[in-house]
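Here the structure comes first, spelled out in structure tokens, and everything after it is commentary.
No lab work stands behind these numbers, since they all come straight from the coordinates. Nothing here was measured: the structure is a model prediction, and the numbers come from that model. Here the Cβ is made from the backbone with ideal geometry for all residues, glycine too, and neighbour counts use every protein chain on show.
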Amino acid sequence: MPANDTIIEMEGIRKVYDTGKIQVEALRGIDLNISQGEFVAIVGPSGSGKSTLMNLIGCLDTPTAGVYRLSGQLVAGMKKDELATIRNRRVGFIFQNFNLLPQITAYENVEMPLLFGGVPRRERRNRIEELMERVGLKDRMEHKPTELSGGQMQRVAVARALAMDPDILLADEPTGNLDTSSGGDIMELFHELWEQGGTMLVITHDAALARRAARQVEIQDGLITRNTVGTGAGPAASE
Amino acid sequence: MARPRFLVLQLFLRSSRVQKKRAILTIAAIAWGTLALLLLLAFGEGLGLSLGKAWAGMGTDIAVIWPGETTVPWKGLPAGRAIRPRIDDIRALKERVPGLVGVSGEIIRWGTNFTHGDTTVNGPVKGVSTVWGQLRNQIPVAGGRFLNPLDDAQRRRVVFLGTDLATELFGEEDPIGESILIDKVPYTVIGVLIDKIMFGNYSGMDADHAIIPIRTLHAQYGSDRLSVLVLKPENRSGMKQALSEVAQVLSAKYGFDPEDDRVLGTWDTVETGKIRDNFLLGIKLFLSIIGVLTLTVGGIGVANIMYAVVKERTREIGVKMALGARSHWVTGPIVLEGLTYTLLGGLTGLVVATILVFVLSLIPTGDSMALDALGKPTLSPAIAATAAGVLGIIGLLAGYFPARRAASVEPAETLRYE
Ligand SMILES: Nc1ncnc2c1ncn2[C@@H]1O[C@H](COP(=O)(O)OP(=O)(O)OP(=O)(O)O)[C@@H](O)[C@H]1O
Ligand SMILES: [Mg+2]
């Protein structure tokens, strides 16, 4: 049995993409446990299966084989709408290209998961204001994504990911589209969130950024090749 | 946990908009289809109304009987005998055939001279029983009346004129209360028939004849053999029974085989009305099918635009799914959007159709019988409801299939970074 504070529990996870002729085995047997309050960096070469792993963790996709428990709950065999609820409540996604909806304001973007979660209007407003304050964009709530800088967009995306107070934040190359300084700001923000008790999983190519995480998991060719627990790294460890 | 109210509506309002131009084109296509459907239905309705009115002009659910000759021997009597019922037989029929609104005889004299002042017009005069006016829808214009039982009993010399005959004799003058000569015998005009469209007729149009009490005609001309019998059952389903009983009564008196259907030539308007109604239904059905097909083309346009929308918004849909949207929160707004375009187009079509039908109603038909018969396109609540129903179904379908495609979006696939 997993400890009470285990959020991610994976055993022998395999993922095969069947594209008709060719079968791509993106993950070939992943065992991974992540506990409450951990800050994990996932590193590895391009095409090694990092994004695939994140999609499985976030229940955007389902594994071909293996056992996956999210917060103790077995994910296999769930219906589409149940998976949608899990994505809404338990995980927060942050993407390399932000994936904000361009036609609505930052406020409405952050509101989206709250709408899906059935949060009443007034509570939504309070929550959004609190989140936008936290990411330092309280004065940009009525702006559309196109009126924001890349760094600001990603901070809106972080606010959106945090909206439903998920068990874990999943970020796929969150700084990949940002310049060094905004990228640094985002990592700073992650670090703060982690220090406040959040659980983070960040995929990155950037070794320097990865070193900020307390734990690094390296994936190569669909398998975990390194799983190191650092010495409690902090922002200072980056340079 | 409770969902916010109108979540689908909120999501619809927040989804990205399609290009204005494309939306307008789609709405225009639906408007055109709706217009076509509405106008065709309105045309069918107008045609039906005018046909119904025109046929009712002769009287509804009546039967007309022409006495003829026997074609088979009967109880020692040879074939080929002419059967001619008399005025008195009407009373017998009234007494012996139950379930009738009325039965009337009709004696027609062709080539009668009608004179008023210097004008003499030639035409038919008909002697009829009082109830004939009711059976044959002889509605008088204001100020006049039809024959009454006293006119008949007292053999009064009173006459009820057809519209055209009255105009020929009197011109613009009001004929009521005036005097005319019928074959040199003076009569008082007691009423004039209203101007009516009339499709069915036997022995001429009502507008051209003069009607006098049947006993008055007998007194003047001496003839008491009926040219025609007209009857109407209380219930249209009783027509067959009534006709057969009439045959029984007359057969007993005049000696002919009641099954010999050449003796009494019969025009049963209930029967012919059924055929006419079916024909009209066929026309209406044909018109609606064309209309619905035109509208369907518009619906395909909407479906097309919604497919394009789903394709363009694949990422948006993927993002919403990643944030926890259930599939009907993704499909709902798309169905709603398709429905919105359809209903907007439908509304536009309805407005234009209403205006057009109104404008058409202002154009006078003049004296054209053909235009009169076609009637005026008429929009009824039933037509509006039909169009709304068809639009609703088309709109839902036009949204449903694209929405299904949206629901099949694989979020992981769409969110891969390119
Ligand atoms: N939907 C898919 N269909 C087919 N093959 C896929 C699909 N998604 C990923 N793959 C394949 O699976 C393997 C792992 O892909 P994945 O995106 O997880 O790699 P990654 O580690 O995230 O790479 P990168 O660092 O470039 O983002 C690759 O070989 C990729 O081509
Ligand atoms: Mg990737």
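Numbers below:
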| item | result |
| --- | --- |
| Fewest-first ranking of B:His209, B:His218, using other Cβ atoms within 10 Å as the exposure measure | B:His218, B:His209 |
| Whole-number percent relative contact order across chain A, with pairs defined as alpha carbons under 8 Å at least 6 apart | 27 percent |
| Chain B - percent relative contact order, Cα under 8 Å, separation 6 or more | 29 percent |
| Descending semi-axes in Å of segment B:105-233, equivalent ellipsoid built from Cα gyration tensor | 20, 17, 14 |
| Cα Rg, Dmax, the protein assembly as shown, angstrom units | 44.3, 134 |
| A:Arg226 versus B:Val141: modelled label distance in nm, points set 7 Å from Cα along the beta carbon direction | 11.0 nm |
| All lysines inside 16 Å of B:Lys75 as judged from Cα atoms, apart from same-chain residues fewer than 8 positions distant | B:Lys253 |
| Spin-label model distance (nm) - B:Gln10 vs B:Lys253, 7 Å beyond Cα toward Cβ | 8.6 nm |
| Close Lys-Lys pairs in chain A, where close means Cα under 24 Å and separation is 8 or more or interchain | 5 |
| Reference-scaled alpha-carbon Rg (2.2 N^0.38 Å with N residues) for segment B:1-151 | 2.16 |
| Neighbour-count order for B:Ile275, A:Ile224, B:Ile214, fewest beta carbons within 10 angstrom listed first | B:Ile275, A:Ile224, B:Ile214 |
| Normalised convex hull volume, chain B, alpha-carbon set, Å³ per residue | 215 Å³ |
| Label-point separation, A:Glu192 to B:Asn122 (7 Å along Cα→Cβ), nm | 11.3 nm |
| Full-extension gain in nm, B:Ala388 to B:Val72, via 0.36 nm per residue minus C-alpha separation | 107.7 nm |
| Order of B:Thr386, B:Thr188 - criterion: other Cβ atoms within 10 Å of each residue's Cβ, fewest first | B:Thr188, B:Thr386 |
| Förster-model FRET efficiency, 22 Å R0, B:Asp261 and B:Glu95, C-beta, rounded to 0.05 | 0.35 |
